[in-house]
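First up is the structure itself, then whatever we jot down about it.
Nothing in this text is a laboratory measurement; each read-out follows from the coordinates by a stated rule. From a predicted model like this one, the values you see are computed outputs, not experimental measurements. When we count neighbours, we look across all protein chains shown, and the Cβ atoms used for this are built from the backbone with ideal geometry, even at glycine.
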Amino acid sequence: MEIKFIGFVGKPIEKLRGPFEDLMSKLAQGLELDSLKYIIISEDFKTELFKFQKSKGLREGCTENEVGVAGGKVVAYIEAGELEHIIFLHPNVFGLLFSNESNDVLNGIQIMRHELCHVHDDYLKSKVLSFDFITNQEKDFEWALKLHADSIWSEFIANKLSKITVEIEGTKISTPTLVSFTQDIPLFIDSIFKMKADTKNYIDAYRTHRDITRLYLEIQKCSTFFFTMAGRIYGLLSLYEEPLEILDEGIKKTYAFEIWKPLCQSLDALNSRYPNWSGVQEFDELSQVVLKTWNILGIYPRVTESGLYIDVPYNGK
């Protein structure tokens, strides 16, 4: 693993290379990171990330929503027939790691460990799943469902594996914290309501423009944050059970209550067999949770002899 700094002209960032490398070796505890070739800290995070994704023929993008831009992005790609990874780290997150504020350092460590856990998970999955799946190459409808299921799983396992205690300058720091968990719960509950509102707006607009492909892409996009947050929350819940009552009370007041239990059960089943999976069919059960979510929102995709058919009934059923 090599550290690369891009940009930062006239800024003394190079002096932090040694301390950063030392911290990465501590955060790598218990993880399989042979496929990680670089960690890139670019002054222009998105530009450098998108340029690399384009060079590898990958879909350009990163998490970007009402919360903000991603603090880090793991990019999986194939080089000479082998799976490789690069982590692009936002300069603001890099700055947190060397802040004088302990909470900043804690947040930075939590983000960095989370990204390393994504690399670890990808590497283990590559032993049983195709490179096309690992690098998110879309194919047909069933494949798309499984990719969404994997996005839930990936966030779940990255948080579940992220628990670690490291010593920095004589101080022991443990992550993730209970505070970070309770702060994520309102975001998750908000994502439930936002997904419902956005879907209604997209369906209303569809009644006019009648472009079903556009609607299908919009629904996938607007549900992604909910799926991501669901995986993240349940991954943390596996470490800290105290806020369970708070979470349950919040979900019970929403339409997502009937999704939450089967989603958690599917993740538990996957985790019980991990990493000794048999193939992409491992995601079948969780894929049905994804489909059920869309159904509840009023979108009913299915595969027919003629191809993908999407029903959008006026009554939502």
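Taking the numbered list (1) over 28 Å from Lys221 (Cβ atoms); (2) surrounded by 19 or more Cβ atoms within 10 Å (Cβ to Cβ); (3) in contact (Cβ under 8 Å) with a residue 40 or more places away in the chain in turn, Ala76 passes all entries but (1). Evaluate the following for Gly250: is it in contact with a Phe, Trp or Tyr (Cβ under 6 Å, 6 or more places away or on another chain), of a type in the set (Gly, Ala, Ser) and either farther than 18 Å from Ala70 by Cβ or buried (at least 20 other Cβ atoms within 10 Å of the Cβ) (or both)? No; evaluated as a whole, the condition is false for this residue.
Listed by first and then second residue, the pairs with beta-carbon distance under 9 Å, at least 6 apart or on different chains, first residue in the stretch 200-229 and under 18 Å from Ala256 (Cα atoms), second of a type in the set (Phe, Trp, Tyr), are Ile219/Tyr202; Ile219/Trp294; Gln220/Trp294; Cys222/Tyr202; Ser223/Trp294; Phe226/Phe188; Met229/Phe188.
In the stretch 144-194, what count of residues is obtained for those that are in contact with a Pro (Cβ under 9 Å, 6 or more places away or on another chain), closer than 15 Å to Met112 by Cα and in a helix (DSSP H, G or I)? Qualifying residue count, the stretch 144-194: 1. Would you be able to say whether some residue in the stretch 27-41 is in contact with a Ser or Thr (Cβ under 9 Å, 6 or more places away or on another chain), acidic (Asp, Glu) and touching a residue at least 40 places away in the same chain (Cβ under 8 Å)? Scanning the stretch 27-41, I find no residue that is in contact with a Ser or Thr (Cβ under 9 Å, 6 or more places away or on another chain), acidic (Asp, Glu) and touching a residue at least 40 places away in the same chain (Cβ under 8 Å), so the answer is no.
Criterion first (within 20 Å of the chain's Cα centre (by Cα), of a type outside the set (A, V, I, L, M, F, W, C) and not in a helix (DSSP H, G or I)) does Tyr234 satisfy it? So Tyr234 does not fit the description; no. When the test is whether a residue is under 20 Å from the mean Cα position of the chain (by Cα), among the aliphatic types (A, V, I, L, M) and outside any helix (DSSP H, G or I), Leu267 does not pass it. Residue count for the stretch 127-141 satisfying the condition of being assigned to a loop (DSSP other than H, G, I, E, B), closer than 22 Å to Gly307 by Cα and touching a residue at least 60 places away in the same chain (Cβ under 8 Å): 2.
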